[in-house]
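Chemist: Can you keep this structure in mind? I'll have questions shortly.
Bear in mind these aren't lab numbers, they're just calculated from the coordinates by the rules spelled out. Not measured: the values here are computed from a predicted model. Positions of Cβ are backbone-derived with ideal geometry, glycine not excepted, and every protein chain shown enters the neighbour counts.
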Amino acid sequence: MKDFIDDDDDDDDEEENDGAEFGIKDEAPAEKSFMINHIPLFSSCSHYSHFQTVVKALLINALDNTFLKSLYDGTRRKKYAQEMRTSLHFYDERFVLPRLENLKQRSRWKERYKERVECYPSMKVVSIGVRRGPCQACEMHRHSKYMVILSGQQYDTKTLEDDSFMPHDKQGLNVGSVCVERTQVYHRLRHFKYHLFKLCCSVLEQEEEHEDEPVKDVVLKVYSLLDGQGWIKKQYDQFEDCLNDADYFQEEKLD
């Protein structure tokens, strides 16, 4: 894991080439450097480029579970770390959170229900027939036709570290048809990165033993394999579907 420990005394040339070691390309032309440095959230990278970098960061974290934590606390300051932090920021702040906020703001969900959907990474929807009584999401008196079952370990949304508190807890809530559709869209997008990380962990577990290989070599090898198989593009397409579902729901499924 020492391959990812920053040495602030490294030469400038090494730092300049650091991002290239992990296949991260600086796509911004020189004339845009002022905008990148002075305008928050500016980037010339495409959505897919950011997503690719996020996958690399998740693969590293799957091998070294302290990576994301050290990335966010500022321990890692090299160019590759800055690129990964930027792409993770774009993923969260530009792609996901605005859509989640719109979904919540256009709903009548109660705070307690929002918190539950936020906390539990696994969800199952079961049809229970028509039940009298208020919907447990919005507490309006509607017929509840579904039970939303929330489960799984809670986790830190940035470092993706599992929380050991009540790991086997499960919540069952009776909700109406509009709230259950909104919940499915919201939950899938909200926890997409966490499930993507778990997929990265599974991929690495299936690979041959690589204890003696440098982390960066393993990451680049596995990433190249996944890219060649179309796995990364497949995950991105699913992510785009989540974004589009959220946008469509905001426009067409108002309560």
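Chemist: Using the Karplus equation 6.51 cos²θ - 1.76 cosθ + 1.60 (θ = phi - 60°), what ³J(HN,Hα) coupling, rounded to whole Hz, does each residue of the range 177-182 give in order, writing x for Gly and Pro?
Modeler: 5, 5, 5, 6, 5, 5
Chemist: Moving to a separate point now. Within the range 164-243, report the chymotrypsin sites (Phe, Trp or Tyr not before Pro) that DSSP leaves as loop and that have at most 16 other Cβ atoms within 10 Å.
Modeler: On the way: sites: PHE165, TYR186, PHE192, TYR194, PHE197, TYR223, TRP231, TYR236, PHE239; in loops: PHE165.
Sites meeting the loop and neighbour criteria: PHE165.
Chemist: Then there is this: Between TYR146 and residues 5 or more places away or on another chain, which pairs have amide H atoms under 5 Å apart, with H built 1.01 Å from N, and which residues are they?
Modeler: So TYR146 has HN proximity to ILE128, VAL175.
Chemist: Provide Rg over Rh for the range 90-149; use the alpha carbon set for both Rg and the Kirkwood Rh (inverse mean inverse pair distance). Before the final figure, lay out each step's value.
Modeler: On the way: Rg = 13.6 Å, Rh = 13.1 Å.
Answer for the range 90-149: 1.04.
Chemist: Calculate, in nm to one decimal, what GLN238 and TYR72 gain on full extension: separation in residues at 0.36 nm each, minus their alpha carbon distance. List each step's numbers first, then the result.
Modeler: Working: separation 166, 0.36 × 166 = 59.76 nm, distance 2.62 nm.
So the chain would gain 57.1 nm between GLN238 and TYR72.
Chemist: While we're looking at this one, here's another question. Using 7 Å Cα-to-Cβ label points, what is the SER224/LEU199 separation (nm, one decimal)?
Modeler: Going from the SER224 label point to the LEU199 one covers 2.2 nm.
Chemist: Hey, what do the phi angles of the range 112-126 turn into as Karplus ³J(HN,Hα) couplings, whole Hz, using 6.51/-1.76/1.60 and θ = phi - 60°, x for Gly and Pro?
Modeler: Listing the rounded values in order: 4, 5, 4, 4, 5, 5, 5, 7, 9, x, 10, 9, 9, 10, 10 Hz.
Chemist: Given R₀ = 45 Å, FRET efficiency for HIS89-HIS141 by Cβ-Cβ distance, to 0.05? Intermediate values should be presented prior to the final figure.
Modeler: Working: r = 42 Å, r/R0 = 0.93.
Computed FRET efficiency for HIS89 and HIS141 comes out at 0.60.
Chemist: While we're on this one: For LYS124 and LYS158 in one chain, what is 0.36 nm times their gap in residues minus the Cα-Cα distance, to one decimal in nm? Present the calculation step by step, with values, prior to reporting the outcome.
Modeler: Numbers: separation 34, 0.36 × 34 = 12.24 nm, distance 2.42 nm.
Computed gain between LYS124 and LYS158 is 9.8 nm.
Chemist: Each residue of the range 51-65 in turn: what ³J(HN,Hα) in whole Hz from Karplus with 6.51, -1.76, 1.60 and θ = phi - 60°, glycine and Pro shown as x?
Modeler: Result, ordered by residue: 4, 4, 5, 4, 4, 4, 5, 5, 5, 4, 5, 5, 8, 10, 6 Hz.
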